[in-house]
1. Those residues that are touching a Gly at 6+ places or on another chain (Cβ under 7 Å) and open to solvent by 20 Å² or more (accessible area, probe 1.4 Å), I need them from region 155-176; list them, please.
2. Can you give me the ranges of the helices (runs of 4 or more DSSP H) entirely in region 191-297 with at least 2 residues that are farther than 30 Å from Pro119 by Cβ and over 21 Å from the mean Cα position of the chain (by Cα)?
3. State all residues of region 177-190 that are outside any loop (DSSP other than H, G, I, E, B) and open to solvent by less than 10 Å² (accessible area, probe 1.4 Å); if no residue qualifies, say none.
4. (1) at pLDDT 95 or above; (2) farther than 26 Å from Ala291 by Cα: which one isn't true of Val246, the others all being true?
5. Given the residues Tyr182, Tyr202, which is the only one that is modelled with pLDDT under 95, within 30 Å of Ser104 (Cβ to Cβ), in contact with a Pro (Cβ under 9 Å, 6 or more places away or on another chain) and not β-branched (Val, Ile, Thr)?
6. Return yes or no: is Arg143 open to solvent by 40 Å² or more (accessible area, probe 1.4 Å) and of a type in the set (D, E, K, R)?
7. Cβ-Cβ under 9 Å, sequence separation 6+ or interchain: first residue in region 129-157 and without any contact (Cβ under 8 Å) to a residue 12 or more places away in the chain and in a loop (DSSP other than H, G, I, E, B), partner loosely packed, with under 14 Cβ neighbours inside 10 Å and not acidic (Asp, Glu). Which pairs?
8. Do we have Arg109 as open to solvent by 10 Å² or more (accessible area, probe 1.4 Å), under 19 Å from Pro78 (Cβ atoms) and either out of contact with any strand residue (DSSP E or B) (no Cβ under 7 Å at 6 or more places or on another chain) or part of a helix (DSSP H, G or I) (or both) here?
Amino acid sequence: MSQGTVRRHAAPYRGRPRIAVVVLTQGTRPADLRRGIDSVLAQRDVDLDVVCVGNGWEPTDLPAGVRALALPENLGIPAGRNAGAEVVDGDHVFFLDDDAWVPSDTFLRDAVEMLDRDPSLGLVQPRVVDPTGAANPRRWVPRIRKGDAADSSPVFSVWEGAVVLPMDVYRAVGGWGAEYFYAHEGIELAWRVWDAGRRAWYAGDLIANHPAIDPARHTEYYRLNARNRVWLARRNLPAPLRPLYVGSWAAIQVARWWRHPARLRTWFAGAREGWTSDCGPTRTMGWLTVARMTLAGRPPVV
């Protein structure tokens with residue numbers, strides 16, 4: 001078991017769960033932001049400490065009970081979440097993006113009960129549903145064999161828009177990887193939860209809502225996707241696995257985009273940047289973690 005292992009024992013709450021909530025926004029979707037915050041404030045049987053983080057924006061017109069944290073510039077998605085987590089307190093922490101919301105007023109209570117029933121769990125991602133009936137993107141189910149989206153399973157990456165962790169786990173894994181700015185920070189978070197001796201869990205019976213809009217793919221996306229893929233390997237994997245992981249994803253990208261040479265040029269340029277640039281602090285996972293992930297269905301080489 002790795003040095004950072006977090007041990008917990010399931011125990012029923014004597015009072016109401018205390019949940020820290022971090023809502024991240026750039027202020028560009030005020031109606032969506034209000035809908036998400038209102039869905040948090042509607043939660044029953046929990047005590048909340050809620051902050052709205054303005055990434056390069058000063059949040060205004062927030063409902064009572066919600067504090068504002070204005071960051072002077074856009075620090076990127078993971079750094080913005082980390083900044084919010086530093087000013088809230090709770091036994092658990094819930095991260096919510098401004099275009100997501102939770103339809104059930106017992107969402108947080110149910111998530112906490114799930115974590116407490118199974119102390120091997122260190123992170124819960126809900127099933128994501130577009131309530132209008134639009135087809136839900138397959139990427140919202142973070143596993144290779146997608147199967148039925150309503151089925152629960154251990155996972156090795158997460159859709160970051162709505163995630164619940166015990167606060168001690170969040171602290172132990174070092175939070176979100178601020179250096180990424182955008183893309184792959186959810187993979188690292190899941191990997192580090194596994195390395196802390198816990199499991200990241202996709203809860204098919206716990207629902208969050210989000211519009212089914214495919215984000216536009218642009219040059220910056222392809223560059224960061226590739227750079228961060230390499231950084232992910234350098235920051236987390238034992239040295240022998242790093243070229244295997246990056247090589248497998250390079251092969252996948254070639255198979256996907258062989259008809260789009262401009263995309264591939266940008267991707268491979270980003271990969272070169274990933275090998276040559278500063279990736280930030282490293283935290284190499286233990287070989288026992290590699291074995292646990294492999295036995296659970298996904299060795300960290302793809």
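1. Residues satisfying the conditions are Ser157, Trp159, Glu160, Ala172.
2. Working: elements: 219-236, 242-257, 261-276, 287-295.
The helices (runs of 4 or more DSSP H) meeting that bar are 242-257, 261-276.
3. Going through region 177-190, the residues outside any loop (DSSP other than H, G, I, E, B) turn out to be 178-180, 185-190.
Hits for region 177-190 are Tyr180, Glu185, Gly186, Glu188, Leu189, Ala190.
4. Single failed check for Val246: (2).
5. Tyr182
6. Working: open to solvent by 40 Å² or more (accessible area, probe 1.4 Å): no; of a type in the set (D, E, K, R): yes.
No; evaluated as a whole, the condition is false for this residue.
7. What qualifies is Arg145/Gly297; Lys146/Arg138.
8. Against the criterion (open to solvent by 10 Å² or more (accessible area, probe 1.4 Å), under 19 Å from Pro78 (Cβ atoms) and either out of contact with any strand residue (DSSP E or B) (no Cβ under 7 Å at 6 or more places or on another chain) or part of a helix (DSSP H, G or I) (or both)), Arg109 does not qualify.
The values are calculated or read from the model by the stated rules, or taken from the named source; none is laboratory data. Note that the structure is a prediction, hence the values are computed from the model and not measured. Ideal geometry is used to build each Cβ from the backbone, glycine not excepted, and the neighbour counts take in all protein chains shown. Accessible surface areas use protein heavy atoms only, side chains included; no ligands, DNA or RNA. Shrake-Rupley method; radii C 1.70, N 1.55, O 1.52, S 1.80 Å.
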